Amino acid sequence: MPKFAYSGMARPPLTPITWVGSARADLKAAPPEVQDVVGLALLQAQLGGIAPQAKRLKGDLSGVVEIVADVASGTYRAVYTAKLAGRLYVLHVFQKKSTRGIATPKHEIELIKARLRWARWHHTRRAAGRLPEEE
């Protein structure tokens with residue numbers, strides 16, 4: 001766990017997280033080591049940073065960050081976007097099962113794109129006051 005020194009000041013506010021689809025349940029179903037890696041990386045994102053295990057994606061998914069957790073039982077990935085002001089959207093959590101290369105499987109990319117579209121829609125409605133601030 002990172003150590004923060006604030007000289008008696010209050011902890012900075014955490015950016016709220018919205019879990020899209022089954023992302024939260026998928027993370028809870030992952031091994032505890034994966035939950036720790038992803039949880040710490042999300043905390044760093046909430047504080048405005050980026051974890052060493054995280055990388056920004058390019059192309060159609062620019063603005064999306066992927067967290068990679070390599071554990072004994074396999075490689076897990078969590079994908080989130082922080083580009084929508086004032087909120088983190090965790091889009092997808094999954095175990096990478098392909099043994100060929102490091103590329104994310106096409107069906108996972110399509111699911112991430114669909115959830116990113118939903119997050120953008122949700123963010124726009126929330127910003128317009130059509131959704132409650134806290135859910």
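Just so you know, all these numbers are worked out from the coordinates, no wet-lab data involved. These numbers were taken from a predicted model, which means no experiment stands behind them. Virtual Cβ from ideal backbone geometry, glycine too; neighbours counted across all protein chains shown.
A few comments on the model shown:
- Of all the listed residues (ALA45, ALA30, ALA69, ALA54), the sole one being under 19 Å from PRO13 (Cα atoms) and touching a residue at least 12 places away in the same chain (Cβ under 8 Å) is ALA45.
- Verdict on ILE102 being of a type in the set (A, V, I, L, M) and either touching a residue at least 40 places away in the same chain (Cβ under 8 Å) or under 13 Å from ALA30 (Cβ atoms) (or both): no
- Only one of TYR89, TYR76 that is surrounded by 18 or more Cβ atoms within 10 Å (Cβ to Cβ), in contact (Cβ under 8 Å) with a residue 60 or more places away in the chain, assigned to a strand (DSSP E or B) and of a type outside the set (A, V, I, L, M, F, W, C): TYR89
- Any hit, region 48-66, residues being out of contact with any Pro (no Cβ under 8 Å at 6 or more places or on another chain), exposed (fewer than 14 other Cβ atoms within 10 Å of the Cβ), on the phi > 0 side of the Ramachandran plot and assigned to a helix (DSSP H, G or I): yes
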